[in-house]
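Have a look at the structure below before the remarks.
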There are 2 protein chains.
Amino acid sequence: MKKSLGSNTLLFPTPVLLVGTYDREGKPNLMTAAWGGICNSQPPCIAVSLRKATYSHDAIMERKAFTIGIPSEDQVDAADYVGMASGRNGDKFAVTGLTPRKSELVDAPYAEEIPFILECRLLHTLDIGPHTQFVGEIVDVKADASVLSEDGRPDILKLKPLVYDTAHQGYYGIGQFVGKAFSVGKKLK
Amino acid sequence: MKKSLGSNTLLFPTPVLLVGTYDREGKPNLMTAAWGGICNSQPPCIAVSLRKATYSHDAIMERKAFTIGIPSEDQVDAADYVGMASGRNGDKFAVTGLTPRKSELVDAPYAEEIPFILECRLLHTLDIGPHTQFVGEIVDVKADASVLSEDGRPDILKLKPLVYDTAHQGYYGIGQFVGKAFSVGKKLK
């Protein structure tokens, strides 16, 4: 018998997404979001939901572009900070010591030190209550060589992405390998 | 200098979501999806994207409801299997030994043995290329007592949700605690 926990925004795992934007004056900004995920294959798209009250929300509306950065475990302090402060009141790049770099493909910046970046062009917005869901076409994925496997694709154990715990507001790392997809289930066939 | 990996659906981490549906005849079905996430606070909503070609896609269109189950590490074989087989050709509950239970709140089933369940009423569909993004209002969250903390909320280390690796198609567990959110970043202020 399961216990009812009510109508709640609980999900496991959720990602730690650093959303990069330029405001109207061209000031670069970063904010943290845990509510998002891939949402289409062709074109590759990602959805990320931001509260309408955030500074980044208006920046995406204005510039029709954003980046998504995936920080590593050792960048947790900066990832947490940019989720607490507002770009209205200061320069989060300066405070965290991260270096803003202008994307050559979309009208948005990313942090040079963040090892994995998606550059996104706004395709669609969905207005749902206090949040807007932004669907962005992933125009390019960029990664540091240090987080790539020999096959040239990202290595999750080198990238060390953070997992956000929606129930107790904590950050976790990636754990042990559990099994190969499209493979471990074959024994049930 | 970052390396360009092209326009791709790479993100870390992504979840392992078991989407529960009834087809037109009332047969329960489960399928695995990694493309989804929370997308609104009031009402609590989750977005999940399914290829239009899937059996589950048509079932959600028909019934306007679905459930999302979060399997534990030790359920990886079943989670992988229901992502490979189609409900068109067989009964995935029977093959995996999972027990379908009808939600009392929405017109969709979930697997009794899966420890964490979201019951969702379809609110919105977004047609993007080969995928449809389904936005569901989370009407209730249900969890086994075995995955709850003393405070009554889910304990991520008891739930042991799977992480899906989009680059190398593997499943991982949750790793070590890295830091407290809205806290570790304060040292940068």
Answer yes or no as to whether residue B:189 is more than 7 Å from chain A (Cβ to nearest Cβ) and under 16 Å from the mean Cα position of the chain (by Cα).
-> no
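For the structure I just gave you, tell me whether residue B:64 is away from every other protein chain (no Cβ under 11 Å) and either modelled with pLDDT of 95 or more or surrounded by fewer than 24 Cβ atoms within 10 Å (Cβ to Cβ) (or both). Break it down into steps so the answer makes sense when it comes.
On the way: away from every other protein chain (no Cβ under 11 Å): yes; either modelled with pLDDT of 95 or more or surrounded by fewer than 24 Cβ atoms within 10 Å (Cβ to Cβ) (or both): yes.
Taking the combined requirement at face value, the residue satisfies it.
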Within the stretch B:116-169, track down each residue that is farther than 19 Å from residue B:15 by Cβ, in contact with a strand residue (DSSP E or B) (Cβ under 9 Å, 6 or more places away or on another chain) and polar (S, T, N, Q).
-> B:125
From A:151, A:140, residue being buried (at least 19 other Cβ atoms within 10 Å of the Cβ) and of a type in the set (D, E, K, R) | A:140
Which residues, taken from the stretch A:101-113, are farther than 19 Å from residue B:7 by Cβ and not in a strand (DSSP E or B)?
-> A:112, A:113
A careful count of residues in the stretch A:145-176 that are closer than 21 Å to residue B:74 by Cα and of a type in the set (Asp, Glu) gives 1
Is there a residue being hydroxyl-bearing (Ser, Thr, Tyr) and within 19 Å of residue B:35 (Cα to Cα) anywhere in the stretch A:18-31?
-> no
Cβ-Cβ below 7 Å, separation at least six or inter-chain, first residue in the stretch A:160-171 and farther than 17 Å from residue A:71 by Cβ, second modelled with pLDDT of 95 or more and in a strand (DSSP E or B): which pairs?
-> A:166/A:14; A:167/B:154
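Among what's in the stretch B:68-97 and is hydrophobic (A, V, I, L, M, F, W, C) and more than 16 Å from the chain's Cα centre (by Cα), pick the residue that is surrounded by the fewest Cβ atoms within 10 Å (Cβ to Cβ). Give the derivation first.
Kept after step one, since they are hydrophobic (A, V, I, L, M, F, W, C), are these residues of the stretch B:68-97: B:68, B:70, B:76, B:78-79, B:82, B:84-85, B:93-95.
Narrowing further to those that are more than 16 Å from the chain's Cα centre (by Cα): B:85, B:93-95.
Values: B:85: 21, B:93: 21, B:94: 10, B:95: 15.
Step by step, filter the stretch B:68-97, then rank; the result is B:94.
Tell me which residues, restricted to the stretch A:7-32, are among the small types (Gly, Ala, Ser) and over 18 Å from the mean Cα position of the chain (by Cα). Give the steps one after another, and end with the answer.
The initial filter retains those residues of the stretch A:7-32 that are among the small types (Gly, Ala, Ser), namely A:7, A:20, A:26.
Passing the criteria: A:7, A:26.
Condition check ((1) under 20 Å from residue A:37 (Cα atoms); (2) of a type outside the set (Asp, Glu); (3) in a helix (DSSP H, G or I); (4) more than 7 Å from chain A (Cβ to nearest Cβ)) across all residues:
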position	(1), (2), (3), (4)
B:89	no, yes, no, yes
B:121	yes, yes, no, yes
B:126	yes, yes, no, no
B:132	yes, yes, no, yes
B:136	yes, yes, no, yes
B:146	no, yes, yes, yes
B:157	no, yes, yes, yes
B:176	no, yes, no, no
B:182	no, yes, no, no
For residue B:32, which of the numbered conditions (1) more than 7 Å from chain A (Cβ to nearest Cβ); (2) without any contact (Cβ under 8 Å) to a residue 40 or more places away in the chain fails to hold?
-> (2)
Scope the stretch B:1-19; condition part of a strand (DSSP E or B) and over 28 Å from residue B:79 (Cβ atoms); matching residues = B:3, B:4, B:6
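The values are calculated or read from the model by the stated rules, or taken from the named source; none is laboratory data. What you are looking at is a predicted structure, and each value in this text was computed from that prediction instead of being measured. With ideal geometry, Cβ positions are generated from the backbone for all residues, glycine too; neighbour counts draw on all protein chains shown.
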